[in-house]
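The values are calculated or read from the model by the stated rules, or taken from the named source; none is laboratory data. Everything numeric here is computed off the predicted structure, so don't read it as measured data. Note: ideal-geometry Cβ built from the backbone for every residue, glycine included; neighbour counts use all protein chains shown. Ligands, DNA and RNA are excluded from the accessible area calculation, which covers all protein heavy atoms including side chains. Shrake-Rupley method; radii C 1.70, N 1.55, O 1.52, S 1.80 Å.
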Amino acid sequence: MHSSPVLLGIETSCDDTAAAVTAGGQLLSSIVSSQDDHSAFGGVVPELASRAHLRVIVPIVDEALLKAGLVRSDLDAVAVTIGPGLAGALLIGLSFSKALSFGLGIPFIGINHLEGHIYSLFIDEFRPNFPFLCLVVSGGHTQLVKVEAHFNYFILGRTRDDAAGEAFDKVGNLLGLGYPGGPAIEKLAEHGDPSFHNFPRTRLQGFDYSFSGIKTSVLYYLNAIPEAERRRHIQDNREDICASFQEAVVDMLVRPVAKAIRESGIRNLALVGGVSANIRLQKRMRSLAQSAGGELFVPDQKYCMDNAAMIAIAGHHKFVAGQSSPLTLTVDPSLALVE
Ligand code: KG4
Ligand code: ZN
């Protein structure tokens, strides 16, 4: 086996087309092409996503190789997201990767997108030691995972309905902020008062989450304002509404983590997935970790959102552990982190 294997990572599970190159587990390049075709629709339109992936996948891969100063024949393996995600979008990345690996005669490695997010923690040098408690919070998923060792996950809790990012996106829509809602809400919340309105926090037994109630309570709050005044009210109070909503979501996210620290004795925390870019959430998680005598690990901002660096790094760890996938492997839109 190559002592310093070169991997190409590819990610097309949703609305970002991404490619990255690693050598010996070090990131050489990471290119993300975000589709702006969806913002007018308030969410990702699957067919538009597939078409956009198809348009840009070859140039994005070429750009990642060029930036790494390498050519296709330098590659030792290709790692690609196989799920969860949009079937048509995943198929573009998978078909391209299979063709490339077959053509070059090198292995291809299917990667779970959620596992990819967890491996975004291993891109930089500042990495958690095992075991650690990892909150995976994205537009499609909210899970609290105990990571025991490489590829060894135990799911403590998950959302029973909406994901945390989905709640940000839906509330962003209600407030007329476009898609995705998370970054826009966070920006407005910076100058808002989190105690402006007390949105009720849903609390479940154990470590599970539920975010459908908070979205509905924002809707009820807005509907209680006479229609003629609603637009004006939102305009005048956007920052406070966003801060109050964000605080409620963050409260709900950290509570089971605090319980997990108490019950497991694990002190190191990690935060991954699109919502981990949220500074307020990072702050609350960091103080939880620190008061337990541990640390919080968060990927660099640019690796919080979907990217291929995390896929290439996950692929690297699998490759050096001798793992690869058969060419018969196909996409699984609802692939779970743990079967
Ligand atoms: O991981 P990701 O890029 O895609 C999925 O796998 O879903 O996450 C995207 C999600 C969106 O729901 C977006 O609103 C949310 O992450 N998000 C944020 C922030 N940045 C992105 N949510 C809250 N605060 C942010 N700063
Ligand atoms: Zn993601």
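Packing, taken as the mean count of other beta carbons within 10 Å per residue, orders the peptides 80-86, 254-260 from highest to lowest as 80-86, 254-260.
Of all DSSP beta bridges confined to the chain, the antiparallel ones make up roughly 65%.
About the Cα centre, and with charges only on the beta carbon of Lys, Arg (+1) and Asp, Glu (-1), how big is the dipole of the chain? Nearest 20 debye, please.
Numbers: 28 positive and 35 negative charges, 124 e Å.
Roughly 600 debye, rounded to the nearest 20.
Counting lysine pairs in the chain that sit 8 or more residues apart in sequence, or on different chains, and whose Cα atoms lie under 25 Å apart gives 20.
Keeping the other protein chains in place, figure out the carbon and sulfur percent of the accessible area of the chain, with a 1.4 Å probe. Carbon plus sulfur share of accessible area: 51 percent.
Of the residues G157, S264, G182, the one whose Cα sits farthest towards the positive end of the charge dipole of segment 128-298 is S264 (charges of +1 on Lys and Arg Cβ, -1 on Asp and Glu Cβ, taken about the Cα centre). Here the Karplus relation 6.51 cos²θ - 1.76 cosθ + 1.60, evaluated at θ = phi - 60°, turns the backbone of segment 201-212 into coupling constants of 8, 7, 10, 9, 5, x, 10, 7, 10, 8, 10, 6 Hz, with x for every Gly and Pro.
Database remark: amide H of F130 closer than 5 angstrom to no amide H (H placed geometrically; neighbours at sequence offset of 5 or more, or on other chains; Pro and chain starts carry no H).
Would you mind classifying segment 185-306 by shape? Square roots of the alpha carbon gyration tensor eigenvalues, ordered a ≥ b ≥ c; an a/c under 1.5 is rounded, otherwise it is prolate if a/b is larger than b/c and oblate if not. Walk me through the numbers on the way to the answer.
Numbers: a/c = 2.59, a/b = 1.79, b/c = 1.45.
Cα axes put segment 185-306 in the prolate bin.
Evaluated with a Cβ-only charge set (Lys, Arg +1; Asp, Glu -1), segment 1-143 carries a dipole of roughly 240 debye about its Cα centre, given to the nearest 20. The accessible-area ordering, largest first, of the residues C242, C14 stands as C14, C242, per a 1.4 angstrom probe. The Cα center of segment 225-264 and the Cα center of segment 9-51 differ in position by 29 Å.
Using the heavy atoms of the protein chains alone and a 1.4 angstrom probe, what is the accessible area of segment 24-101 per residue in square angstrom? Mind dumping the intermediate values first?
Details: 3430 Å² over 78 residues.
Each residue of segment 24-101 exposes 44 Å² on average to a 1.4 Å probe.
Put a plus charge on the Cβ of each Lys and Arg, a minus charge on the Cβ of each Asp and Glu, and nothing anywhere else: the dipole of segment 128-298 about its Cα centre is then about 340 debye.
Using a probe of 1.4 angstrom and keeping all protein chains present, the accessible surface of segment 128-298 works out to 45 square angstrom per residue.
Classify segment 200-266 as rounded, prolate or oblate, taking a ≥ b ≥ c as the square roots of the eigenvalues of its Cα gyration tensor: rounded when a/c is under 1.5, otherwise prolate if a/b is larger than b/c and oblate if not. Before the final figure, lay out the partial values.
Details: a/c = 6.11, a/b = 2.65, b/c = 2.30.
Here segment 200-266 falls in the prolate category.
Pull out a ≥ b ≥ c, the square roots of the eigenvalues of the alpha-carbon gyration tensor of segment 69-140, then state rounded if a/c is under 1.5, prolate if not and a/b is larger than b/c, and oblate in the remaining case.
Working: a/c = 2.88, a/b = 1.43, b/c = 2.02.
Here segment 69-140 falls in the oblate category.
Treating only the Cα positions of the chain as identical point scatterers, give the base-10 log of I(q)/I(0) from the Debye formula at each q in 0.09, 0.11 Å⁻¹. Taking Cα atoms of the chain as identical point scatterers yields -0.48, -0.71. F211 sits with roughly 0 Å² accessible to a 1.4 Å probe, with DNA, RNA and ligands left out of the calculation. Taking N112, N173, N152 as the candidate residues, the one with maximal mean-square fluctuation in a Gaussian network model of the chain, Cα springs under 10 Å, is N152. For R158, the residues whose modelled amide H falls within less than 5 Å of its own, excluding neighbours fewer than 5 places apart on the same chain, are L144, D208, Y209. Note on the chain: helix-only mean residue ellipticity at 222 nm, from DSSP H runs of 4+ residues weighted -39500 (n - 2.57) and normalised by residue number, equals -14000 deg cm²/dmol.
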